[in-house]
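Report on the structure given below.
The values are calculated or read from the model by the stated rules, or taken from the named source; none is laboratory data. Since this is a predicted model, take the numbers as computed values, not measurements. We place every Cβ from the backbone using ideal geometry, glycine too, and count neighbours over all the protein chains shown. Note: areas computed on protein heavy atoms with side chains; ligands, DNA, RNA excluded. Shrake-Rupley method; radii C 1.70, N 1.55, O 1.52, S 1.80 Å.
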Amino acid sequence: MPPNQAPRLQISYLPVLHTLRDLYLQPRDMRRFKAYLAALTGGTDDVVLPIGLANPMAKEHAVARIDALLQMDADTVAAAAAAQAAERLATCGLDVSITATLVLVDDVGGGWTNRYTTEASVRFPGRGALKRPFASALCWTSERPTTAALAAEVLAAIYRVAYQQRHGVPTTLQHM
């Protein structure tokens, strides 16, 4: 940051539910998996779209859950929560851009996701989280979230990433 320039925190919301839905409508084969990887990386060597926690080979129940989320306007709820977090954190002194998203995570119909380890990996990420400040709010296929629960999940994800940007990622069990 240049001298005499105040730190600037930027928080944005990136909708990915339609992208996931489009992927899930494809046949469950290697082409779908390759399309998932292409969306995840955008053709680069890094993650550009924070959908890494989504099961790329999820079955029809994932489409049904995404449809329910879209029907309840989950992206608008999540974007409003991100705006609320940006307002609350405007004077926190961080100079970082945080990208929040709402990701459907499959804990029902596939072997891709273990809920406990997934929750732990989001709450206690590795050092790469500092490089890519993605605030992934998790929505589980096994749950029917309310708008309040979605907003709370997005807020928690953003606050967690902001905390990690300021204090670093936890490295010991005590810090976790």
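Given +1 at the Cβ of Lys and Arg, -1 at the Cβ of Asp and Glu and no other charges, the dipole of the range 73-165 around its Cα centre is 380 debye to the nearest 20. A straight line joining the Cα centroids of the range 1-66 and the range 69-124 runs 12 Å.
Summarising the amide proton neighbourhood of VAL105: residues at separation of 5 or more, or on other chains, whose placed amide H is nearer than 5 Å comprise CYS139, TRP140, THR141. First compute the accessible area of the chain with a 1.4 Å probe, then give the percent of it belonging to carbon and sulfur atoms. Exposed carbon and sulfur together represent 54 percent of the surface.
Taking a Cβ cut-off of under 12 Å around ALA58, the surrounding Lys, Arg, Asp and Glu residues balance to a net charge of +2, with basic ones at +1 and acidic ones at -1.
Multiplying the residue separation of LYS59 and ARG28 by 0.36 nm and removing their Cα-Cα distance gives an extension gain of 10.4 nm. Label zone of GLN10 (point 7 Å out along Cα→Cβ, amide N under 19 Å): in the range 148-173 this covers 158-159, 161-163, 165-166.
Just going by the charge dipole of the chain, with Lys and Arg at +1 and Asp and Glu at -1 on Cβ, which of HIS61, PRO145, LEU14 is farthest out on the positive end? About the Cα centre, the residue reaching furthest to the positive side is LEU14.
Computed over protein heavy atoms with a 1.4 Å probe, the accessible surface of the range 34-176 works out to 51 Å² per residue. Evaluated with a Cβ-only charge set (Lys, Arg +1; Asp, Glu -1), the range 7-78 carries a dipole of roughly 160 debye about its Cα centre, given to the nearest 20.
About its Cα centre, the dipole of the chain is roughly 340 debye, where the only charges are +1 on Lys and Arg Cβ and -1 on Asp and Glu Cβ. The H on the amide N of VAL48, modeled in the peptide plane, is under 5 Å from the matching H of THR41, GLY42, each at least 5 residues off or on a different chain. Multiplying the residue separation of ASP73 and TYR159 by 0.36 nm and subtracting their alpha-carbon distance yields 28.7 nm. A simple count of charges around ARG28, restricted to other residues whose Cβ falls under 11 Å of its Cβ and scoring Lys, Arg +1 and Asp, Glu -1, yields +1. Taking other residues whose beta carbon is less than 11 angstrom from the beta carbon of ALA80, and scoring Lys, Arg as +1 and Asp, Glu as -1, yields -3.
Per-residue ellipticity at 222 nm, computed for the chain from helices alone with -39500 (n - 2.57) per DSSP H run of at least four residues, works out to -14000 deg cm²/dmol.
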